[in-house]
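Here, each number is a calculation from the coordinates, and none is a lab measurement. Because the structure is a prediction, the values reported are computed rather than measured. Using ideal geometry, Cβ is built from the backbone for each residue, glycine included, and neighbour counts are taken over all protein chains shown.
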């Protein structure tokens, strides 16, 4: 289970609305002081994300409480693979098919972008179906 600290900002029936700070791995990198990516990461990390999560154990929480939320590692890895790999794989396949059919370079490039766009559409379609499954949703684990 991947765990993260969050703050309760609202309640919606049995669900809890939390605010979690987006974090970056730049603090652990040895090149953080000389990297331009660090500034961008710090700017993005200052943004807060509000997320409605499930409270399966019916823990008693109030607005302002600090909580620990978690998400299943397997679900997280599968969702990451779906989001990042599927569009790229479809882009390479469609470009490769166009190349194998001896199409002009402009058509190969166009078909690659079409494959990428189709990949994003497939991700969106499956994402809507998967977001209802518990393995892909964060849950409230405990009050900290």
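Per-residue packing, averaged as other Cβ atoms within 10 Å, sorts the ranges 56-66, 87-97 into the order 87-97, 56-66, beginning with the highest.
Length gained on full extension, residue 120 to residue 77: 13.7 nm, using 0.36 nm per residue less the C-alpha separation. Each peptide among 12-20, 98-106 gets the average number of other Cβ atoms lying within 10 Å of its residues, and from highest to lowest they stand as 12-20, 98-106. Can you work out the PRE-style zone for residue 135? Point 7 Å along Cα to Cβ, and I want the residues of region 53-72 with backbone N under 14 Å. Residues 72 qualify, since their backbone N sits under 14 Å from the label point.
For the peptides 1-9, 123-131, the ranking by mean Cβ contacts within 10 Å, running from highest to lowest, is 1-9, 123-131. Where the alpha-carbon atoms of region 54-119 are placed on the principal axes, they occupy 64, 22, 14 Å, in descending order.
Using 0.36 nm per residue and subtracting the Cα-Cα separation, the extra length available between residue 106 and residue 4 on full extension is 32.1 nm.
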